[in-house]
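Notes for the one structure printed next.
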Amino acid sequence: MDMQRLDIHRRDRGERALVTLVGDIWPGTAPLLRAALEQCLRDGMTAIDVDLTTVGSCDAKGLDVFLTASRHAGRVHACLHLHHPCAQITKLLAATGSAPLLLPSPAHPVPPALLRGPPDTSAAVPPAPGRLPPGDCARASVVADAIRLRRLTRRQADDMREDMADLAVASVDGSSGKAYRARSDFLRRLAVSARRPGFALLLAETTVLVGCAFGFPVSPVSRSEQGLQESVQRLTGCARFLLLTQVVAHRHPQHRDIGRRLQQRLLADERTELGVALLSPADRAGQAAYDSWGWRNLGEMVGLPGRSAPCVLTLFRGSGPSLPAPRAARPGRA
C-alpha cells in the first residue's frame, strides 16, 4: 500500500496559530497531527487555524484527532477551525455532522493569510515524468478561481473511483441505460489505466468534485502500442506522448476551462509536449467536448484492436508548435 507522510508547518501571530498540513491524514500520521495541535494549546494559542489546502485525504482517525483537539480547545476558551478542505474531507465532515464544529462561522472570521489563499505553484518545476516524491502528491495542488487541481496516487484514485464515476454519469444526458454504460465504461478505463506504468490522475475540486483526467505515457511494448506510436510520430513528429484515456468536467459555466486546465496540467506534470486521445467515430458528444478544449481531430486510425477504427485527437501543451499536415494518409484515415 502506497502510504503518504504528513508534513506540518506552524506559524504563530500573537495568540493565533496557522497550521498548514501537507500530505495525507491516516492512522500512521494521526499521532503526529495530534501532538502538533496539543502543542498549540500548551503554548497558549487561543485560535488554531488548520489549512487543509494541500491535504490529499483524511480518514476517521484523523477526524477524531480534529474533534478531540476542538473539545480540548473549548475547555480553555480557545477554538480550532479547518480551512480549504478537499471534496473527500468535506464529504466526511457532512456525513458525520462535524462541519458545524470544525468549519469557521461568521462569528469566527478567517485570518487574512487564509483569505489570500495558497500560492499558485503551477509554474513550479514539475517532477520527473510519471513520478512524485513520497509525500509530494498533495504539494501538487493548485488553487485558482476557487478550483483546486490535485494529483492522486493509485491508492487515492481507488478510494475516489465511485465519486469520479458519479461525476462521469452526471455529465451524460439520456436514459438510465446510457448512464449505466457511462459508469461501467469509466470504471473500466480507470482500472485498465491504473495498471499502466506512469499512470497519472488529476482531480479538479471546489468543495465538491468537479472534474478529473487521467492517462499514461505510451511505450511500444505491445504490437498495438507500437503501431499507435509510429502513426502518431509520423503525423505529428512526436515519438513521446501521453495517452489521455478519460477527461470529465462538471457541467457549469467553467466546464470548458476545468477540462483545459486538467489536460494542460497533466501534460506539464509529465513533461510531455503532446497529448493523444482515441475516441469512437460515433462519439459525437465526446469529439465536440475535445474540440472545445482545443484538440485537433486527425481522423480515423486503422490497424488498432477494436471493432472500429478510432479517431485520433491530439493536443500540444501550452503554446507548443502547430501540427504539421498529415502525410501519406488517406482523407479521414491515419
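The values are calculated or read from the model by the stated rules, or taken from the named source; none is laboratory data. This is a predicted model, so every value here is computed, not measured. Using ideal geometry, Cβ is built from the backbone for each residue, glycine included, and neighbour counts are taken over all protein chains shown. Heads up: the accessible areas ignore ligands, DNA and RNA and are worked out on the full protein's heavy atoms, side chains in. Shrake-Rupley method; radii C 1.70, N 1.55, O 1.52, S 1.80 Å.
When the range 181-219 is examined, which residues are found to be open to solvent by less than 10 Å² (accessible area, probe 1.4 Å) and in contact with an Asp or Glu (Cβ under 7 Å, 6 or more places away or on another chain)?
The one that is open to solvent by less than 10 Å² (accessible area, probe 1.4 Å) and in contact with an Asp or Glu (Cβ under 7 Å, 6 or more places away or on another chain): A200.
Just for the range 69-93: of the residues that are open to solvent by less than 40 Å² (accessible area, probe 1.4 Å) and over 16 Å from L21 (Cβ atoms), which one is nearest to the chain's Cα centre (by Cα)?
A87
Does R189 satisfy being over 18 Å from the mean Cα position of the chain (by Cα) and under 30 Å from V55 (Cβ atoms)? Steps first, please.
Values: over 18 Å from the mean Cα position of the chain (by Cα): no; under 30 Å from V55 (Cβ atoms): yes.
Answer is no for this residue.
Does the range 24-41 include one or more residues that are under 20 Å from R154 (Cα atoms), assigned to a strand (DSSP E or B) and β-branched (V, I, T)?
Taking the range 24-41 first, the residues under 20 Å from R154 (Cα atoms) are 24-29.
Next, from what is left, pick out any that are assigned to a strand (DSSP E or B): 24-25.
Next cut, β-branched (V, I, T) only: 25.
Yes, the range 24-41 has at least one match.
What helices (runs of 4 or more DSSP H) completely inside the range 69-173 contain at least 2 residues that are at pLDDT below 60 and not charged (D, E, K, R)?
Working: elements: 87-96, 99-102, 112-115, 154-159, 161-170.
Ranges flagged: 112-115.
Can you tell which of D43, D51 is modelled with pLDDT under 95, under 18 Å from D7 (Cα atoms) and either open to solvent by 50 Å² or more (accessible area, probe 1.4 Å) or in contact with a strand residue (DSSP E or B) (Cβ under 6 Å, 6 or more places away or on another chain) (or both)? Before the answer, list the steps.
Values: D43 fails: under 18 Å from D7 (Cα atoms).
Result of the check over D43, D51: D51.
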